[in-house]
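First up is the structure itself, then whatever we jot down about it.
The values are calculated or read from the model by the stated rules, or taken from the named source; none is laboratory data. What you see is a predicted model; the values in this text were computed from it and never measured. Using ideal geometry, Cβ is built from the backbone for each residue, glycine included, and neighbour counts are taken over all protein chains shown.
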Amino acid sequence: MNNTAIENSNISKKPLQPGRWLIYATLLLFALIYLMPLVVMLLTSFKTSADIRGGNLMSLPTEWVFDGWSKAWGSACTGVNCEGIKGYFCNSIQMVVPAVLISTMIGAFNGYVLAKWKFRGSDLFFSLMLFGCFIPFQVILLPMAQSLGYLGLANTTAGLVTVHVIYGIAFTTMFFRNYYVSIPDELVKAAKLDGAGFFTIFFRILLPISKPIFMVCVIWQFTAIWNDFLFGVVYSAGDTQPMTVALNNLVNTSTGVKEYNVDMAAAIMAALPTLVVYVLAGKYFVRGLTAGVVKG
Amino acid sequence: MANLQINQVRKTYGKAELETLKGIDISIDDGEFLILVGPSGCGKSTLMNMIAGLEEVSAGQILIDNQDVTHVAPKDRDIAMVFQSYALYPNMTVRQNIQFGLEIRKMPQQEIDAEVERVANLLQIDHLLDRKPSQLSGGQQQRVAMGRALSRRPKIYLFDEPLSNLDAKLRVEMRTEVKKLHQRLGTTIVYVTHDQIEAMTLADRIAVMKDGELLQLGTPKEVYETPANTFVAGFIGSPAMNFISCQVKKDDSGLYTELTNLDGKATRLPAPAYLNRYLGEQVILGLRPEQITHYIPHKAEDQMIAKGHYDVLVTEPTGPDVIVQVMANKQEISCRVDPEYTPTVGESVELMFDCNKAVYFDPHSEQRIQPENSPSQASAA
């Protein structure tokens, strides 16, 4: 017994076989191809303007400078004003945090009702709600603009939050409903017999075991809302514009020489928050999409 | 603790044509242990959920302690339930699981602590109180689930197949624990199972159900010895009762039925006088395997005992007994023989048929033929 065990472990420690090498080499190659744009962006953002014009796209900066980053943050021109993108970065944060939290909470609540308190036609209701996932942004632009006008929310951050919450509910409801369906009904029955009511069951039993799907929703919604351009450009103006719109304005502002280092630094800043969210919560993403069975 | 009455309860789901429950009547006294048993899909879990208030009653009444609770919310019925999957709250520790119901009922924390301690001692789970359910074994989870039910001291406990997720050995242990618990606490318990051994060992009374109907309600002894029909007779007991079609005949010494072996030699089995009205007709003779044994000399004098030689087809040693299959009336018949007398396959053995507890069924209705003047204790539906 012991001998065979040792032999088995020796097999797995054998030198890599040619097939393995091929797989690793291919993976490495593709990793390099996918990383190339990021490398170019990073390198360019640390170069001086002269360096960029004179040198090769892939070459290392002759001199590492942070001019591009500081200018993009504090003094680059986006359209007529030249205060960098820091204000817009804050706009985006102010928009994305409430929008993500509100849409996730509503989704959790909807999912709870649709999975555990079924009513006549609740499955049909859910199917219809799923259509919300497939409505293209362009279709709702005009009616939504009018609605926001009636509500007095036109060109405000609150208006943008409203749009994103409404648009996100279909997705978050779907996530939570499907997660809660996989949780045994007996759990809810047990709580009912223990005397717990509708809200107690939700807040004390189901919500505490929803962390994986909560994280999925947060990542999904954060990415979608932070990266959105169309709603941002249509439903906001001037001071309330989100980061994506500002980035576009910054890159398209055509006075003087094109400052690629500033553009690249601004683009990286715009992409950074979603990256951070993925790194922090990414492990839940895969787990949350596959998990759900609560044993015991 | 309380009594429970179920009056003509019916259940129809949505637009389904067939009723899931077709008018169930059950009444149990304070402190009784009632077992609902039947094959899957017989409606026993539905009935239990209706007692708990988790499902609507389509028609009929449910009374707990003589109070109509048919349309009362589950939390106001003062009932606790142990689920097949245990349904422990996965985010809470064992302690929190047990005290959840008490907290919701706004019991003072001091009393809660005392109650948790009492229950934990009772079930010997005090050392597990700070663990999460996922850190427990199946048997421990089972105990916690029972603890959660016990902590509220409800009027009625409901057990929904609580032991079916445990392995065989643990199931037998927990079965004994449940029985001890009932003896110690004297609580009213309704227990659903599809395991007829659990039903026999635990119950004060057994309700055998099939296709939404209550076939028989009685003590384990009644259900075992005087089954209402062939289904109950076949469902309770393992190996199952032998059903042998035979004709009722008569000679000088009285009524008898006949078993014929493969060589055509017949054994006359004495039959009770009440079969007189079936004279000359076919009946189904029900003999349990333990009523067909090897030859026991001291019993041979009994009037109701017959013996005959039969060829052995199969032997199945179980330890305490050997189950022997023989051929009689062109049917396979199981007999229970002492291991001392284990026959070899093909051998012709002398068997003894004890007809004292034989039961007879009408071949058309499949109902048990009852002695004419005895009250019908068996029929409940």
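For region B:266-284, the tally of residues that are in contact with a Cys (Cβ under 6 Å, 6 or more places away or on another chain) and buried (at least 20 other Cβ atoms within 10 Å of the Cβ) stands at 1. What number goes with the only condition from (1) touching a residue at least 12 places away in the same chain (Cβ under 8 Å); (2) more than 22 Å from B:Asp204 (Cα to Cα) that B:Asp25 does not pass? Of everything listed in (1) touching a residue at least 12 places away in the same chain (Cβ under 8 Å); (2) more than 22 Å from B:Asp204 (Cα to Cα), B:Asp25 misses just condition (2). B:Lys179 passes every criterion in (1) of a type outside the set (Phe, Trp, Tyr); (2) more than 9 Å from every other protein chain (Cβ to nearest Cβ); (3) outside any helix (DSSP H, G or I); (4) under 32 Å from the mean Cα position of the chain (by Cα) apart from (3). Scanning region B:32-69 for residues that are surrounded by fewer than 16 Cβ atoms within 10 Å (Cβ to Cβ) and either among the charged types (D, E, K, R) or farther than 21 Å from B:Leu18 by Cβ (or both) gives B:Glu56, B:Gln61, B:Asp65, B:Asn66, B:Gln67, B:Asp68.
Does B:Val190 satisfy the condition of being in a strand (DSSP E or B), touching a strand residue (DSSP E or B) at 6+ places or on another chain (Cβ under 8 Å) and within 14 Å of chain A (Cβ to nearest Cβ)? It is true that B:Val190 is in a strand (DSSP E or B), touching a strand residue (DSSP E or B) at 6+ places or on another chain (Cβ under 8 Å) and within 14 Å of chain A (Cβ to nearest Cβ). Residues that are modelled with pLDDT of 90 or more, surrounded by fewer than 16 Cβ atoms within 10 Å (Cβ to Cβ) and assigned to a loop (DSSP other than H, G, I, E, B) do occur in region B:325-343.
Is region A:121-130 home to any residue that is closer than 30 Å to B:Arg77 by Cβ, crowded, with 22+ Cβ neighbours inside 10 Å and without any contact (Cβ under 8 Å) to a residue 24 or more places away in the chain? Scanning region A:121-130 turns up no residue that is closer than 30 Å to B:Arg77 by Cβ, crowded, with 22+ Cβ neighbours inside 10 Å and without any contact (Cβ under 8 Å) to a residue 24 or more places away in the chain. When B:Arg153 is tested against (1) in a helix (DSSP H, G or I); (2) within 14 Å of chain A (Cβ to nearest Cβ); (3) over 25 Å from B:Cys42 (Cβ atoms), only condition (1) is not met.
Kindly provide the set of residues from region B:124-136 that are surrounded by fewer than 20 Cβ atoms within 10 Å (Cβ to Cβ), among the hydrophobic types (A, V, I, L, M, F, W, C) and under 14 Å from B:Arg148 (Cα atoms), ordered by number. First the steps, then the outcome.
Step one: list which residues in region B:124-136 are surrounded by fewer than 20 Cβ atoms within 10 Å (Cβ to Cβ), which gives B:124, B:126-127, B:129-132, B:134-136.
Still in the running and among the hydrophobic types (A, V, I, L, M, F, W, C): B:129, B:136.
B:Leu129 - this is the single residue of region B:124-136 that is surrounded by fewer than 20 Cβ atoms within 10 Å (Cβ to Cβ), among the hydrophobic types (A, V, I, L, M, F, W, C) and under 14 Å from B:Arg148 (Cα atoms).
Tell me whether region A:138-161 contains one or more residues that are under 18 Å from the mean Cα position of the chain (by Cα) and under 20 Å from A:Val245 (Cα atoms). Among the residues of region A:138-161, at least one is under 18 Å from the mean Cα position of the chain (by Cα) and under 20 Å from A:Val245 (Cα atoms), which makes the answer yes. Residues that are within 14 Å of chain A (Cβ to nearest Cβ) and at pLDDT 90 or above number at least 2 in the following strands (runs of 3 or more DSSP E) confined to region B:12-94: B:79-82. Per the listing A:Phe199, A:Phe214, the residue uniquely within 14 Å of chain B (Cβ to nearest Cβ) and without any contact (Cβ under 8 Å) to a residue 12 or more places away in the chain is A:Phe199. Does any residue of region A:255-274 turn out to be on the phi > 0 side of the Ramachandran plot and at pLDDT below 90? Looking through region A:255-274, at least one residue is on the phi > 0 side of the Ramachandran plot and at pLDDT below 90.
Got at least one residue in region A:147-166 being part of a loop (DSSP other than H, G, I, E, B) and among the aliphatic types (A, V, I, L, M)? Yes.
Among the residues making up region B:231-265, those that are over 18 Å from B:Asp354 (Cβ atoms), surrounded by 13 or more Cβ atoms within 10 Å (Cβ to Cβ) and free of Cβ contacts under 8 Å to residues at least 40 places away in the same chain are B:Val232, B:Gly234, B:Gln247, B:Val248, B:Lys249, B:Lys250.
Can you go through A:Phe134, A:Phe109 and tell me which one is under 20 Å from A:Val188 (Cα atoms) and out of contact with any Cys (no Cβ under 8 Å at 6 or more places or on another chain)?
A:Phe109
Counting only residues that are at pLDDT below 90 and not in a strand (DSSP E or B), how many does region B:358-380 have? Qualifying residue count for the region: 10. The listed residues are A:Gly111, A:Gly74, A:Gly68, A:Gly87, and the only one of them that is closer than 30 Å to A:Ala237 by Cβ and either at pLDDT 95 or above or touching a Ser or Thr at 6+ places or on another chain (Cβ under 6 Å) (or both) turns out to be A:Gly68.
Specify which of the listed residues (B:Lys155, B:Lys169, B:Lys180) is touching a residue at least 40 places away in the same chain (Cβ under 8 Å) and surrounded by fewer than 23 Cβ atoms within 10 Å (Cβ to Cβ). Being touching a residue at least 40 places away in the same chain (Cβ under 8 Å) and surrounded by fewer than 23 Cβ atoms within 10 Å (Cβ to Cβ) holds for just one of B:Lys155, B:Lys169, B:Lys180, which is B:Lys155.
Per-residue answers, yes or no, for (1) touching a residue at least 12 places away in the same chain (Cβ under 8 Å); (2) in a helix (DSSP H, G or I); (3) not aliphatic (A, V, I, L, M):
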site	(1), (2), (3)
A:Cys90	no, yes, yes
A:Met95	yes, yes, no
A:Pro98	yes, yes, yes
A:Leu101	no, yes, no
A:Thr104	yes, yes, yes
A:Gly107	yes, yes, yes
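Might you let me know whether region B:112-133 holds any residue that is within 11 Å of another protein chain (Cβ to nearest Cβ) and either modelled with pLDDT of 90 or more or part of a helix (DSSP H, G or I) (or both)? Checked against the condition, which is being within 11 Å of another protein chain (Cβ to nearest Cβ) and either modelled with pLDDT of 90 or more or part of a helix (DSSP H, G or I) (or both), region B:112-133 yields at least one hit.
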